[in-house]
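Asker: Have a look at this one.
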Amino acid sequence: MPNPLQYNKKFDELNEEEKKLLEINKKTIADFVEQSSSISDVNYATRNAHAKTYAVAKGTFRIEPDIPELLRPFFDKEKFDLTIRFSNAQLKIKNSKKDIPAYGFAVQIRDDNGGLLANYPLVNFPLFPINSVPSFLKLFTAVNKFYIKKWSHLFPILIQGIKMIPSLLTADMARNVIKLMGKRNDFILSFDYYSVGAYRLGDLIIKIKLCPRNVDRDTGRKKKIKESLTNYLKIHDFTADVLIQICYDLKDQPVNKLNVEWKNSPYIKIGEVKIDKGSLLDSRNCTNELLSFNPFESKIFFQPVGKIQKLRDEAYKVSVQTRRKINKLLHGKGVEK
């Protein structure tokens with residue numbers, strides 16, 4: 001294999017047009033959060049893109065004994081303790097019986113002293129449909145305005161949606177959409193989970209894939225997702241292989257083109273995630289409810305890479321600041337949701 005490509009901060013830098021659109025978008029995020037308690041079925045201010053928690057569990061990450069020498073400096077122990085959140089990606093919190101199959105498997109890794117090492121919010125779809133930063137910002141801004149002011153901003157959403165069509169027509173995107181539709185009723189723990197965007201591993205650039213072992217896709221098919229998930233984790237162990245791809249060449253492994261899969265970079269197994277039966281935590285407990293899986297809180301050498309990832313960081317910051325301000329006014333203290 002060729003030498004891995006080294007991380008460069010230029011992968012994350014926005015141009016002037018993108019910076020201006022970002023400032024507009026941040027304003028609409030703040031407006032959304034300020035009105036979010038009335039938009040969603042809750043009595044507190046939420047994020048504008050909120051993870052609906054199904055369950056939280058303790059787990060372990062066991063490192064492969066024969067990982068490549070190149071990766072050994074990052075794994076100085078045989079295992080790491082994990083906190084794992086299972087969720088659904090929703091713009092609004094709704095107390096609905098049926099959720100779209102947009103699942104999250106967020107992993108938090110801490111050191112022996114309880115210090116945060118890394119957050120990895122993995123999802124069950126490997127691609128992102130928008131590569132253009134301006135298009136993404138304009139669409140996101142229009143969606144926020146639509147939820148705030150409803151029908152008057154439907155037309156801008158339609159316009160930006162039409163502009164997305166070319167990026168949806170890749171072979172990789174079509175194949176994965178068809179695959180997801182075929183699995184839409186499958187058990188949440190039977191899906192593979194992906195980092196979608198790239199992450200740093202020191203100066204390396206990687207993507208992550210988590211592959212569950214021996215999980216029946218028909219488990220709990222007639223039950224609500226949360227019920228089937230918690231019932232399963234009470235009586236079954238869960239194990240998943242952790243695989244990474246390394247970026248060697250931007251042509252085959254593009255950092256800022258998220259609608260195609262990386263090719264010519266074989267998956268390397270670096271370990272496994274294990275959740276022992278009976279390891280569920282109380283997701284309603286205040287400590288667990290306030291858990292943050294923001295990847296930009298990770299150590300700098302484990303953080304996300306790329307322009308779209310950078311937008312997530314900026315959006316999260318303004319969302320948190322506004323949410324804390326509103327929740328303090330609503331509840332008299334800095335409630336974090």
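Rule-based calculations on the coordinates, nothing more; no lab input. Keep in mind it's a predicted model, so treat the numbers as computed, not measured. Cβ atoms come from the backbone with ideal geometry, glycine included; neighbour counts cover every protein chain shown.
Asker: Mind checking the full-extension length gain between residue 76 and residue 216? Use 0.36 nm per residue of separation minus the Cα-Cα distance, one decimal, nm.
Answerer: Separation in residues times 0.36 nm, less the Cα-Cα distance, equals 47.0 nm.
Asker: What aspartates and glutamates does residue 223 reach when the alpha-carbon gap must be under 18 Å and sequence neighbours fewer than 8 apart in one chain are set aside?
Answerer: Those aspartates and glutamates meeting the cut-off are 99, 186.
Asker: Which whole-number percent is the relative contact order of the range 129-276 (Cα, under 8 Å, 6+ apart)?
Answerer: In percent, rounded to a whole number, it is 22.
Asker: Something else: Taking 0.36 nm per residue of separation and subtracting the Cα-Cα distance, what length does fully extending residue 227 through residue 299 add?
Answerer: That works out to 22.5 nm of additional length.
Asker: Note down the nm distance, to one decimal, between modelled labels 7 Å out along Cα→Cβ at residue 313 and at residue 250.
Answerer: Using points 7 Å along Cα→Cβ, the separation is 1.8 nm.
Asker: For a Förster distance of 25 Å, can you work out the FRET efficiency between the beta-carbons of residue 178 and residue 264, rounded to the nearest 0.05?
Answerer: 0.60
Asker: What is the spin-label model distance, in nm, from residue 235 to residue 280 if the labels are put 7 Å beyond Cα along the C-beta direction?
Answerer: Placing both labels 7 Å beyond Cα along the Cβ direction yields 1.2 nm.
Asker: Can you give the FRET efficiency for residue 112 and residue 155, using 1/(1 + (r/R0)^6), R0 = 41 Å, r = Cβ-Cβ distance, to the nearest 0.05?
Answerer: Efficiency computed from Cβ-Cβ geometry: 0.15.
Asker: Continuing with this model, one more query. Could you pull out the pairs from 207/310; 183/274; 163/317; 224/274 whose alpha carbons sit more than 26 Å apart here?
Answerer: Distance filter (> 26 Å) returns 163/317.
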